[in-house]
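The values are calculated or read from the model by the stated rules, or taken from the named source; none is laboratory data. This is a predicted model, so every value here is computed, not measured. Using ideal geometry, Cβ is built from the backbone for each residue, glycine included, and neighbour counts are taken over all protein chains shown. Each accessible area value is taken on the protein alone, full model and side chains, heavy atoms only, with ligands, DNA and RNA left out. Shrake-Rupley method; radii C 1.70, N 1.55, O 1.52, S 1.80 Å.
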Amino acid sequence: MYKHADDGAVMEFAPDIPRWRQVAEIIRHRIADGTYAPRTRVPSVVQLTSEFGIANATAHKVLRALREEGLTYTEPGLGSFVAKRPAAEPPA
């Protein structure tokens, strides 16, 4: 269960799923629903550690996984950004 830190609550992690996977899923959902639009910045390591109460190494793993999936890209010195969404393929 997750409630944003502004609500005064913190992330309750499922014990059987790695924390980085759970946080990555939340970020994936935010990308999919448009919270983070294409070419906009996703949270930094510092922001992820603050919002979710995770370690720096865990936050790095989240960002690396999203980059490897092609959902984000990194601009050195600027941060990570949402990748441009591919055009929908025409129906066959």
- Going through the range 1-21 one residue at a time, which ones are over 16 Å from residue 43 (Cβ atoms), at pLDDT 65 or above and not in a loop (DSSP other than H, G, I, E, B)? 21
- Within the range 60-92, track down each residue that is of a type in the set (A, V, I, L, M, F, W, C) and modelled with pLDDT of 90 or more. 62, 63, 65, 66, 71, 78, 81, 82, 83
- Give the range 72-84 a look and list any residue that's under 12 Å from residue 31 (Cβ atoms) and open to solvent by less than 50 Å² (accessible area, probe 1.4 Å), or say none. 72, 80, 81, 82, 83
- Item | Total residues in the range 64-81, condition part of a helix (DSSP H, G or I) and under 16 Å from residue 32 (Cα atoms) | 3
- Note on the structure: Only unsatisfied item for residue 34, checking (1) touching a strand residue (DSSP E or B) at 6+ places or on another chain (Cβ under 9 Å); (2) not in a helix (DSSP H, G or I), is (1)
- Note on the structure: Scanning the range 31-71 for residues that are touching a residue at least 12 places away in the same chain (Cβ under 8 Å), under 18 Å from residue 12 (Cα atoms) and not aromatic (Phe, Trp, Tyr), the one surrounded by the most Cβ atoms within 10 Å (Cβ to Cβ) turns out to be 62
